[in-house]
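K.L.:
One structure, as structure tokens, below. Some questions next.
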Amino acid sequence: MVVSKQGDMLYDGVTQLVVENLNRLAEDIILPAFPSGLDQDPTHQSQEGERLLKALTKVWEDHTSSMAKLSHILKYMDRVHTKTAHVPEILEAGRNLFLRHIIRPPIKDHIVSAILSLLHIERDGYMINRSAATGCVDVLLQLTDSTDRVSVYKRELEPVVLCESEAYYKTEGERLLETCDAPEYLRRVEARFSEEESRAHQYLSLQTAVPLQHILQNTLISPHILSVINMQNSGLDAMIDLEKFDDLSRLYRLFVVVPEGLPALRRALKDSVIRRGMELNNAGSEADAEDAGGEEETPITSKGKGRAKARLPNAGAQSLTLALKWVQQVLDLKDKFDNIWRTSLKSDRDIESGLNEAFQSFINLQPRAPEFISLSIDEYLKKGLKGKSDAEVDVILDKTITVFRYITEKDVFERYYKGHLAKRLLLGRSVSDDAERGMLAKLKVECGYQFTQKLEGMFHDMKISSDTMQAYRTHLAKTTPPEIDISVTVMTSTFWPMTYAPIPCTLPPPLLKTSKSFEQFYLSRHSGRRLTWQASMGNADVRVTFKSRTHDLNVSTFALVILLLFEDVGEGEFLTYEDIRAATLIPESELQRNLQSLACAKFKVLKKHPPGRDVNADDSFSFNDDFSSPLQKIKISTVASKVESGEERKETQDRVEEERRHQTEACIVRIMKDRKHMTHTSLVTEVTRQLATRFQPDPLSIKKRIEGLIEREYLERCDDRKSYNYLVRFLLLLIGRMLIG
């Protein structure tokens with residue numbers, strides 16, 4: 001027929017026969033399978049929908065099988081006639097005819113309704129036959145519109161599925177939020193993600209998986225992020241408190257898939273850390289206020305037997321306990337959130353930065369944080385590291401450095417640490433020299449050489465002093481040694497804390513002779529140097545004979561001077577407080593503390609008249625011949641606070657502020673010397689950046705320092721009043737004066 005130019009008749013006749021067959025199939029097979037309605041029970045709806053979808057799939061299979069056979073029979077027509085007539089080949093024509101005569105209203109609408117019904121039924125928790133939907137969806141994916149080449153599935157079914165899914169899950173999210181706690185809500189949502197992914201893979205198209213995931217994110221996660229986090233008794237804080245790592249992992253997995261999820265989780269974790277940290281700070285501040293109040297109400301010179309007796313000697317210990325407790329609680333809090341971060345939050349770097357900001361925030365809101373951290377390290381290096389292996393010591397020191405890393409006032413920490421280190425070195429209280437140097441190395445890594453320069457100088461002084469004492473003992477072996485054996489630590493004044501100003505004390509002749517002997521030896525080896533004795537930092541071993549036995553006492557140098565006064569006091573005689581003060585010239589505060597240690601503490605080698613725990617100006621003292629103890633060697637510690645009083649703390653802060661003024665000025669001059677000209681804003685920014693390793697300078701303070709340097713002609717203000725020049729001529733003038741001098 002094609003050769004006889006009858007191709008049109010053949011092509012039209014075949015397509016007409018296909019149309020007649022499709023119309024018959026639509027009437028005789030598909031229409032009886034239409035669902036009678038969607039208001040029956042889910043099982044009935046599922047069965048009717050499955051019948052329709054299976055019927056459609058069967059018709060499609062029969063149609064495609066028939067069209068395949070026709071395409072073989074009419075292969076010559078497809079190769080010759082369809083090209084010249086510009087019509088589709090018979091196989092493609094068959095698909096187009098199926099689309100027009102089968103996938104048409106109302107059949108198309110019923111197909112879509114059946115698939116939606118099956119989706120809804122399965123989402124409600126009922127079982128369906130997925131294979132029926134799978135076959136129908138495959139049919140819709142293969143049928144494409146000849147004009148835009150878009151599949152029927154993409155054009156007709158997918159938009160409706162997505163629209164219905166969005167409405168369903170919007171309602172679902174609100175329902176779950178009302179009926180579930182946070183962990184259960186997250187479990188249900190995660191299950192929905194898994195279910196929808198399974199549906200998209202098994203009986204919907206893979207191209208629908210991503211839009212469905214977006215719908216779930218936009219309906220179940222994004223609108224309810226804060227509600228889930230802040231849910232009472234089950235939200236983020238409850239998960240953290242109860243260490244529900246699986247729930248926290250699920251929370252992170254779900255939140256991280258939406259743009260606003262991770263920032264919200266980061267903020268919530270940060271707020272949680274700050275709130276918990278502020279509770280620690282507030283508890284410490286209340287206890288600190290109670291101690292401070294007790295000290296104000298009950299000075300050491302007060303009379304009577306009130307509460308001051310017990311509170312004052314323990315105030316330092318209470319403050320030390322407070323410091324150690326605060327640091328340990330901060331470390332415990334850090335360990336808790338670090339564990340959560342590693343276990344449940346996949347070590348997310350954004351969250352880590354938020355946690356670090358939170359710890360830095362509340363730690364720096366504790367005004368005594370530098371002092372507390374230094375006290376904690378001091379206790380570790382004196383007691384806490386006994387019996388620890390090197391690895392355990394390193395872990396403990398790393399933890400303390402972790403807290404130190406968060407404080408901004410590192411210069412304040414340096415001042416406290418220097419004082420505590422000095423006492424450990426001078427009194428020989430360090431557990432391990434290796435641990436001390438290990439701590440110093442960690443501080444150097446954190447803050448640089450300038451931060452630890454003076455601390456290293458203190459260690460150097462201790463080594464030099466040891467060598468000096470060996471040389472001194474060698475010298476004494478060749479001469480007549482003094483009656484008293486002495487051990488001296490020579491401290492370079494620029495390395496050691498400024499708080500160790502010389503405290504006056506009149507030494508007895510034997511002690512004076514011994515000290516002069518060492519002084520002459522030392523100055524003979526170092527010309528141009530001057531020695532200033534620090535009796536307040538010394539201690540002594542003295543053998544004292546009582547009626548029952550002789551004891552070896554370890555006391556402070558001041559206590560030794562006081563005890564030696566009683567060497568010539570007969571039995572039954574006594575010395576008044578004024579007698580002792582006049583004979584020793586020890587300042588009252590130090591005198592009271594040492595007398596209290598000798599007469600009012602555990603080992604009462606002196607008797608106080610009248611008895612009591614407080615030392616007053618009208619008291620008198622006598623030697624306690626009846627003293628006895630099962631111990632041969634007794635250490636009598638000086639009653640002292642291990643932490644600063646309010647007045648001492650204010651004095652320390654004043655010194656820190658003075659040092660900061662000098663450091664700020666030096667930084668400004670150093671920057672301007674290098675840049676020569678800078679605007680005010682740029683200069684303040686650069687000074688802040690350079691000083692941030694030691695403290696956080698106030699812009700107003702920097703401005704005052706700039707004005708001071710302008711007055712002293714280091715800088716000059718430019719005509720625009722917004723920038724400065726460095727005055728080189730002042731430097732030349734200063735050098736000239738130095739040369740003349």
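None of the figures in this text is laboratory data; all of them are computed from the coordinates on show. Remember, predicted model here, so these are calculated numbers, not experimental data. Heads up, the Cβs are rebuilt from the backbone with ideal geometry, glycines too, and the neighbour counts pull from every protein chain shown.
K.L.:
Lys and Arg at +1, Asp and Glu at -1: add these up for the other residues within a Cβ distance under 15 Å of Phe546 and post the number.
P.N.:
So the surrounding residues net to +1.
K.L.:
Could you tell me which residue out of Gly528, Asn282, Ala358 lies farthest along the dipole of the chain toward its positive end? Charges go on the beta carbon: Lys and Arg +1, Asp and Glu -1, centred on the Cα centre.
P.N.:
In the chain, that residue is Gly528.
K.L.:
Putting +1 on Lys and Arg Cβ atoms and -1 on Asp and Glu Cβ atoms, find which of Ala540, Val403, Val14 reaches farthest to the positive end of the dipole of the chain.
P.N.:
Ala540
K.L.:
Multiply the residue gap between His662 and Val728 by 0.36 nm, knock off their C-alpha separation, and tell me the result in nm, one decimal place.
P.N.:
Using 0.36 nm per residue and subtracting the Cα-Cα distance, I get 21.8 nm.
K.L.:
Here is a further query. Give the aspartates and glutamates whose C-alpha is closer than 16 Å to that of Lys608, dropping any in the same chain fewer than 8 places away, or say none.
P.N.:
Answer for Lys608, where 16 Å is the Cα cut-off: Glu571, Glu573, Glu578, Asp579, Asp618, Asp619, Asp625, Asp626, listed by chain and number.
K.L.:
About the Cα centre of the chain, what is the dipole size in debye to 20, counting +1 per Lys and Arg Cβ and -1 per Asp and Glu Cβ, all else neutral?
P.N.:
Dipole of the chain, to the nearest 20 debye: 2740 debye.
K.L.:
Exceeding 24 Å between C-alpha atoms, which entries from my cross-link table qualify? They are Lys418/Lys444; Lys410/Lys676; Lys463/Lys650; Lys244/Lys270; Lys382/Lys418; Lys325/Lys399.
P.N.:
Cα-Cα > 24 Å for Lys410/Lys676; Lys463/Lys650; rest within.
K.L.:
Taking the alpha-carbon centroid of each part, what is the distance from the stretch 565-586 to the stretch 186-208 in angstrom?
P.N.:
So the two Cα centres are separated by 92 Å.
K.L.:
Please report how many Lys pairs in the stretch 7-228 have alpha carbons closer than 30 angstrom, counting only residues at least 8 apart along the chain or sitting on separate chains.
P.N.:
Pairs that pass both the separation and distance tests number 15.
K.L.:
On a C-alpha basis, how far is the centre of the stretch 474-550 from the centre of the stretch 400-436 in Å? Whole number, if you could?
P.N.:
26
K.L.:
In addition: Per the Cauchy relation, a quarter of the hull surface: what is the mean projected area of the convex hull of the alpha carbons in the stretch 379-460, in nm²?
P.N.:
5.0
K.L.:
Also, quick follow-up: Would you work out which of Val431, Ser487, Ser589 lies farthest towards the positive end of the dipole of the chain? Charges go on Cβ: Lys and Arg +1, Asp and Glu -1.
P.N.:
Ser487
K.L.:
Using a Förster distance of 35 Å, how high is the FRET efficiency between Glu279 and Glu197, based on the Cβ-Cβ distance and rounded to 0.05?
P.N.:
0.25
K.L.:
Counting only helical runs of four or more DSSP H residues, what would the 222 nm mean residue ellipticity of the chain come to if each run contributes -39,500 (n - 2.57) and the total is spread over all its residues?
P.N.:
-21000 deg cm²/dmol
K.L.:
Next question, about the same structure. Could you list Cys667, Cys718 in order of exposure, starting from the residue whose Cβ has the fewest other Cβ atoms within 10 Å?
P.N.:
Lowest to highest Cβ neighbour count: Cys718, Cys667.
K.L.:
For Ser4 and Glu61, what does the FRET efficiency come to when R0 = 41 Å and r is the distance between their Cβ atoms, rounded to the nearest 0.05?
P.N.:
Approximately 0.75, to the nearest 0.05.
K.L.:
Against the longest alpha carbon principal axis of the chain, how many degrees, from 0 to 90 and to the nearest 10, is the axis of helix 182-202 turned?
P.N.:
Between helix and principal axis, roughly 40 degrees.
K.L.:
Quick check: pseudo-label points 7 Å beyond the Cα along Cα→Cβ at Ser628 and Glu392, how many nm apart are they?
P.N.:
4.1
K.L.:
Right, another one. How big is the chain along each principal axis, measuring the range of its Cα positions in Å and listing the largest first?
P.N.:
Extents along the principal axes, in whole Å: 148, 70, 50.
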